[in-house]
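Below is one structure, written out as structure tokens; the observations come after it.
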Amino acid sequence: MQVRIVEFVQTRVAALEHCGPAAQVDESVRQFIAWRMASGQSPVASSRSFGIPYGNPDTTPAEDFRFAICGEIDEAVAANELGVHERVIAGGRYAVVRHEGSPDHIGESIYPLYRDWLPDSGEELRDQPLFFHYLSAYPQTPQEQWQTDIYVPLR
């Protein structure tokens, strides 16, 4: 596992919050993609894509699981029926590790970061959620070939 420490710049995003079973996140992703295409406010070709889990899907009751699907923006989000709204991903120091493969198996990269790397690193966590930066786009890239950077907030 190769961990980098980076300084992430605060980033404005349009966000659609999924609430409910993790297995249904893909439906919320489809809605966000539809908003992105219709609004033109967060074009995939020139805007980064992020995901923010607000709990561990393995330990959070399905009805309490929350996940924000996000796209970088440079203007205020226009009112819309889907509930897409503006949010900020906090800037600061982050430990970053790259996950290769389906996001369905991203825990295989997250758990070793917390379990193995963090205790020996001398670093401390900051009270912010981790987030994912999706470097690949679906369906252009099959999910088995995806690359996702996992950002863990540090003090």
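Each reported figure results from applying straightforward, stated rules to the coordinates on display, with no laboratory input. All values derive from a computational prediction rather than experimental measurement. Cβ sites come from the backbone with ideal geometry, for glycine too, and all protein chains shown count toward neighbours.
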* To do: Return the only residue of 150, 73 being buried (at least 18 other Cβ atoms within 10 Å of the Cβ), under 19 Å from residue 28 (Cβ atoms) and either of a type outside the set (Gly, Ala, Ser) or more than 17 Å from the chain's Cα centre (by Cα) (or both).
  => 73
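Could you check segment 87-104 and list, in sequence order, the residues that are under 30 Å from residue 144 (Cβ atoms) and part of a loop (DSSP other than H, G, I, E, B)?
101, 102, listed by residue number.
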* **Check on residue 50, in contact with a Cys (Cβ under 8 Å, 6 or more places away or on another chain), hydrophobic (A, V, I, L, M, F, W, C) and surrounded by 15 or more Cβ atoms within 10 Å (Cβ to Cβ)** => yes
* Structure fact -> Taking first residues from segment 20-48 that are farther than 19 Å from residue 85 by Cβ and second residues anywhere that are of a type in the set (Phe, Trp, Tyr), the pairs with Cβ under 6 Å that are 6 or more apart or on different chains are 22/65
* Asked: residue 125 versus (1) exposed (fewer than 14 other Cβ atoms within 10 Å of the Cβ); (2) under 24 Å from residue 16 (Cβ atoms); (3) of a type in the set (A, V, I, L, M, F, W, C); (4) touching a Lys or Arg at 6+ places or on another chain (Cβ under 9 Å): which is the lone unmet condition?
  -> (2)
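For the subset of segment 1-17 comprising residues that are touching a strand residue (DSSP E or B) at 6+ places or on another chain (Cβ under 8 Å) and of a type in the set (Val, Ile, Thr), which member is surrounded by the most Cβ atoms within 10 Å (Cβ to Cβ)?
Just the residues of segment 1-17 that are touching a strand residue (DSSP E or B) at 6+ places or on another chain (Cβ under 8 Å), to begin with: 1-8, 10-17.
Retained after the next criterion (residues that are of a type in the set (Val, Ile, Thr)): 3, 5-6, 11, 13.
Values: 3: 17, 5: 11, 6: 13, 11: 17, 13: 24.
In this case the residue turns out to be 13.
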